[in-house]
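Since the structure comes first, as structure tokens, the remarks are kept for the end.
No lab work stands behind these numbers, since they all come straight from the coordinates. Not measured: the values here are computed from a predicted model. Cβ coordinates were reconstructed from backbone atoms using ideal geometry, including for glycine residues, and neighbour counts include every protein chain displayed.
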Amino acid sequence: MTTIMQTTTQTVPQATTAVTPQHPLTAYELKELLNIAMGERGGGTGGNPPGPPGGGGLPGGGGPATAGATPLQPIAAAANVKAMGKDPPLFQGKRKKAGTFINEVKKYLTLNYDVVGFNFLKKKVALVLTFMQGPEVEEWTRGILQWIQQVDNQSNMEDI
């Protein structure tokens, strides 16, 4: 007597997520933002933020969802995470150093994205203002601080 046993294997597709990077600012957009920050001209982009039309991202909405994909589970935030890395250099209003300052601030905020409070735009602005010191930026930072203090915490994403 012979017994035959048959087994079947099935591959289940794994759900993946992709982070859509924000587009880098064009030289024109960066120049406009710096001009506004330095008080050399009035701001405004016609009510639209600088960036590509449609908000960037993948064309077509990223494709269809896979059937039977396992939903991703949220990861709990670590408690007592402290800021890491070296503080960005102080910005004292020297236009030639503005690009370096902005880049260093972006790196610092990216490194510390999971620190409590670093994910609120209002706190990010206040933090960056602490790295801007000196007589050439004093009046501008004072004005931004007064404005940020008036922004409602509940709607801070829309107003900032």
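Decide, for region 103-149, between rounded, prolate and oblate: order the square roots of the alpha carbon gyration tensor eigenvalues as a ≥ b ≥ c, take rounded if a/c falls under 1.5, and otherwise choose prolate if a/b is larger than b/c, else oblate. Note, shape of region 103-149 comes out oblate.
Sort the following peptides by mean Cβ neighbour count (other Cβ atoms within 10 Å, averaged over residues), highest first: 101-110, 142-151.
Highest-to-lowest ranking by the protection proxy: 101-110, 142-151.
The overall shape of region 79-160 is oblate: from the C-alpha gyration tensor, with semi-axes ordered a ≥ b ≥ c, the ratio a/c is 1.5 or greater and a/b is no larger than b/c. Remark on Phe91: its backbone amide H falls under 5 Å from those of Met132, Gln133, a criterion applied only to residues 5 or more positions apart or on other chains, H modelled at 1.01 Å from N. Pairs spanning more than 21 Å between alpha-carbon atoms, out of Lys86/Lys106; Lys96/Lys122; Lys94/Lys123: Lys96/Lys122; Lys94/Lys123.
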